[in-house]
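Step one of this worksheet: look at the structure below.
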Amino acid sequence: MQKKKIIVMGFMAGCPIAGVLWQHIHYIVGLQRLGYDVYYIEDSARLPYDPVAYEVNESYRYAAKLMDTLSREFGFEGKWAYCARYMKKPECVGMSLQKVRELYVEAEAILNVCGAQEMNEDLLKCQRLIYVESDPGMEQLLIDNAGGKVPEYLQRHHTLFTFGELVGTKDYMVPSHGVSWLPTRQPVVTDFWKTDGPTRSNARFSSVANWNTSGRKDVVWRGSNYIWSKSLEFLKFVEAPVRAGEPFELATEILDEHAHKRFLANRWEFADSRQTSIDWHQYRRYLQESKGEFTVAKDQYVRLKTGWFSDRSACYLAAGRPVITQETQFTKLYGGKKGLIAFETLEDIAEAVKSINADYAAHCKAAYEIAVEEFEATKVIKSMLDRAGV
């Protein structure tokens, strides 16, 4: 019996940061394990980012080399394409543009991961285009600001999913205007992350973050500005290591000298973020070798009570590393005790660290169990496809 074809679309070639790579790989491998014939395609008019040159430019050489390497490692060799729609005449590497056009028609479904793929005439010929929103809040705010008018690019999709699992419920602050947002969460292939035992004795609570994000996704709603960058949330809790009584670590680069000094004064340590952000194997080792994760959530996720949860945090859990993260009301759905603890105040953070230190093995075990129960890729993706009618 011929396998059904499914296409994953996103932005891991155009933005080849390790966390982004893993986010897409979990969909690809999860679909493979469910028995689908899986293809990965980027068909974008956006210029790609080259992390070696450290710039956005017209060359897709790095993107093509990366996709070839990933396809060999994760089983989709010969089933990928990078189409540079920004060129005067679109150029395509991997599969041909003709093959891509045929797949758009043949595929059982196309997953638009993070909503990163723009619309074009070829793509609109697909029979089932599924939107996967990773940043809940912004689209709902924009729709409400527009008096309930839904953007055309969203209307082009047959089903809308969101990591904001409380979007559209009575707990969520923003009106849905009749738009059906279905809850989902980041799938994780847990065996990719599972560790054999405890981490090293001097390991820290850590996280990986892109510090210098712009304000282009900030949204003013009902007289208040809802911020997309995490940096301001980290600054609110800069005293966390001092309150907890032990150093924390961040793999990031803070260019603002004043902010950097504040972190150092509060017992933060910094890891080399450049290599960790490029090398997906190094990124995985960094998570696995940490004591656990301490992180914050974006202002939009927190104040709007979205129920969002981080895909990176789910990877920490799968590695058997406990997570302390800012409350977005995800605890209405899972976690909140051993293995995964939410905080709202500095006092909450100190108590969480104390609890984990008192029985670290139990928290590690609980963390892994949460990952398997709540985030296992095959389980999450099957639920999503079933509700999308695939």
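Computed packing ranks the peptides 359-368, 150-159 as 359-368, 150-159, most packed first, by mean other Cβ atoms within 10 Å.
Relative contact order for the chain: 16 percent, from Cα pairs under 8 Å spaced at least 6 residues apart, divided by residue count. Most tightly packed first, judged by the mean number of other beta-carbon atoms within 10 Å of their residues, the peptides 188-198, 346-356, 51-61 read 346-356, 188-198, 51-61. Between 258, 273, 297, the Cα set farthest toward the positive side of the dipole of region 248-304 (charges on each charged residue's Cβ, about the Cα centre) is that of 297. With everything on Cα atoms, drop me the angle between helix 61-74 and the longest principal axis of the chain, reported from 0 to 90° to the nearest 10. The angle comes out at about 80 degrees.
Put the Cα centre of region 73-136 next to the Cα centre of region 188-211 and the gap is 32 Å. Shape summary: region 190-375 maps onto an equivalent ellipsoid whose semi-axes, from the alpha-carbon gyration tensor, are 24, 20, 17 Å in decreasing order.
For the pair residue 253/residue 373, report the inter-label distance in nm, with labels modelled 7 Å from Cα in the Cβ direction. A separation of 4.1 nm, rounded to one decimal place. Spatially close Lys pairs in region 312-390, defined by Cα atoms under 19 Å apart and a spacing of eight or more places or different chains, total 5. Of the beta bridges in the chain, as assigned by DSSP with both residues counted there, near 15 percent are antiparallel. Model label sites at residue 224 and residue 275, defined 7 Å from Cα along the beta-carbon direction, differ in position by 4.3 nm. Residue separation of residue 153 and residue 351 scaled by 0.36 nm, minus their Cα-Cα distance, works out to 66.8 nm of gained length. If only the Cβ of Lys and Arg carry +1 and only the Cβ of Asp and Glu carry -1, the dipole of region 190-375 around its Cα centre is close to 240 debye.
Dividing the summed helix terms, -39500 (n - 2.57) for each DSSP H run of n ≥ 4, by the number of residues in the chain produces a 222 nm estimate of -10000 deg cm²/dmol to the nearest 500.
Residue by residue, region 165-178 carries 3J(HN,Hα) couplings of 5, 9, 4, x, 9, 5, 7, 8, 7, 9, x, 8, 6, x Hz when phi is fed to the Karplus relation 6.51 cos²θ - 1.76 cosθ + 1.60 (θ = phi - 60°); x denotes Gly or Pro. Under a 5 Å amide H cut-off, with hydrogens placed 1.01 Å from N, residue 340 pairs with 323 among residues at least 5 apart or on other chains. Report the relative contact order of region 303-390, percent, no decimals, based on alpha-carbon pairs under 8 angstrom and at least 6 residues apart. Relative contact order for region 303-390 comes out at 32 percent. Remark: region 103-114, residue by residue, has Karplus-estimated 3J(HN,Hα) of 5, 4, 7, 7, 5, 5, 6, 10, 8, 8, 5, 6 Hz, where x stands for each Gly or Pro and the curve is 6.51 cos²θ - 1.76 cosθ + 1.60 at θ = phi - 60°. For residue 185, the amide hydrogen comes within under 5 Å of no other amide hydrogen, counting only partners 5 or more places away or on other chains and with H modelled in the peptide plane. Scaling the Cα radius of gyration of the chain by the globular reference 2.2 N^0.38 Å produces a ratio of 0.97.
Each residue of region 76-86 is assigned a 3J(HN,Hα), and the resulting list reads 10, 4, x, 10, 9, 8, 10, 9, 8, 6, 7 Hz, derived from the Karplus form 6.51 cos²θ - 1.76 cosθ + 1.60 (θ = phi - 60°), x at Gly and Pro. Taking amide H positions as modeled 1.01 Å from N, with prolines and chain starts lacking one, the residues under 5 Å from residue 50 and 5 or more places away or on another chain are 55, 56, 57.
Bear in mind these aren't lab numbers, they're just calculated from the coordinates by the rules spelled out. All values derive from a computational prediction rather than experimental measurement. All Cβ positions, even for glycine, are placed from backbone atoms using ideal geometry, and neighbour counts span all protein chains on display.
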